[in-house]
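Okay, so here's the structure we're looking at.
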Amino acid sequence: MKILIGFLRLVRWPNLIFIALTQLLFEYCIYARVFVEDPLHFRNFILLMSASILIAAAGYIINDYFDLDIDQINKPNKVVVNAVINRRWVIFWHMCLSLLGIYCTIFALPLTQYWHLILANMCSVIFLWVYSTSLKKQLLVGNILISVLTAWVIGILYFSKYPLSGFPNSEYSYQQNVRFFRLSVLYAAFAFIISLIREVIKDMEDIEGDRKYGCRTMPIVWGLNVSKVFVSVWLIVLMATLIILQLYVIQLGWWMSIGYCIILILAPLFYVFRKLFKAQTAADFHHLSVVIKMLMFSGILSMLFFRFYQ
């Protein structure tokens, strides 16, 4: 039981549930709502979702493997590698989950029409390895990479709808494609920005351990104050974008959606913005990171409104 609990902690099981929920809601609240007559085959979708979960789990595992020394400083009570599961078994599980993720992608998507997506998931496995070994220690590069991969959770579902053979030509299909594209960009952009914000806040939280092992994260290279300004700019961009979107949604009369966004997305974003410059300790930054994670969950659940509104 101790090993099972350790394994679940190693793969960040709450984050894996986030990924599954994101893709499920995107498939059945966004795609199936826009293309009512042409939903993705259930088997293929489950395989593609499984691929995303497995590759993400493998990424979390290899990240903890290479972060063992740093984690013993930043979060000694949460260390699993060597404390609960031997390092050799950690590498074994990383390889198994990565391969299973790639196989699921291959089985979900016809090779001749979607070879680029299969290659993209293979590259995701490689990028997660390189991130864990070196990129996460570099200024901004690792943060941006993780944010792109977070957006890719939605991106791969979007691109899986369009084989390389081309797009539908009818006017009705064109209108559907434009609407689907806009919603996909909206949620992928939200995922990218909110992930980037959280990644930098986590770097602020882990600054002591990162500094000891030669990391060049933003808080170490530019300092906490500049890092806070960087995060605050993205918070303003995100809040301004959401406010503009609500002005558009008002015209549609989606009042429940507007109330949800104001209370569960905009208000917490403003809370993070206010608390950011007062934060000094690791506990302060951890609290903000938790709030951002809850925000991500609220953003995911907002897809449900597309089941209620046309």
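Only one of the listed residues (SER257, SER232) is touching a residue at least 12 places away in the same chain (Cβ under 8 Å) and farther than 30 Å from MET204 by Cα. That residue is SER257.
Every residue in segment 260-281 that is in contact (Cβ under 8 Å) with a residue 24 or more places away in the chain, among the β-branched types (Val, Ile, Thr) and farther than 30 Å from ARG33 by Cα, please. Answer for segment 260-281, where residues must be in contact (Cβ under 8 Å) with a residue 24 or more places away in the chain, among the β-branched types (Val, Ile, Thr) and farther than 30 Å from ARG33 by Cα: just VAL272.
Tally up the residues in segment 168-177 that are at pLDDT below 60 and surrounded by 11 or more Cβ atoms within 10 Å (Cβ to Cβ), please.
1
Just one of (1) of a type outside the set (Gly, Ala, Ser); (2) more than 22 Å from the chain's Cα centre (by Cα); (3) farther than 30 Å from VAL34 by Cα trips up ASN143, so point out which. Checking ASN143 against (1) of a type outside the set (Gly, Ala, Ser); (2) more than 22 Å from the chain's Cα centre (by Cα); (3) farther than 30 Å from VAL34 by Cα, the one that fails is (2).
Yes or no: segment 41-62 includes at least one residue that is crowded, with 20+ Cβ neighbours inside 10 Å, at negative phi and either outside any helix (DSSP H, G or I) or at pLDDT below 90 (or both). So far as segment 41-62 goes, no, none of its residues is crowded, with 20+ Cβ neighbours inside 10 Å, at negative phi and either outside any helix (DSSP H, G or I) or at pLDDT below 90 (or both).
When the helices (runs of 4 or more DSSP H) confined to segment 219-310 are screened for residues that are touching a Pro at 6+ places or on another chain (Cβ under 7 Å) and surrounded by 12 or more Cβ atoms within 10 Å (Cβ to Cβ), those reaching at least 1 such residues are found at 224-252, 282-301.
Pairs linking a residue in segment 282-295 that is more than 18 Å from ARG211 (Cα to Cα) and free of Cβ contacts under 8 Å to residues at least 60 places away in the same chain to a residue that is assigned to a helix (DSSP H, G or I) and of a type in the set (S, T, N, Q), with Cβ atoms under 6 Å and 6 or more positions apart or on different chains, do not occur.
With respect to being modelled with pLDDT of 95 or more, out of contact with any helix residue (DSSP H, G or I) (no Cβ under 6 Å at 6 or more places or on another chain) and under 26 Å from TYR162 (Cβ atoms), ALA189 fits the description.
The values are calculated or read from the model by the stated rules, or taken from the named source; none is laboratory data. What you are looking at is a predicted structure, and each value in this text was computed from that prediction instead of being measured. Methodologically, a virtual Cβ is constructed for each residue, glycine included, from the backbone with ideal geometry; neighbour enumeration extends over all protein chains shown.
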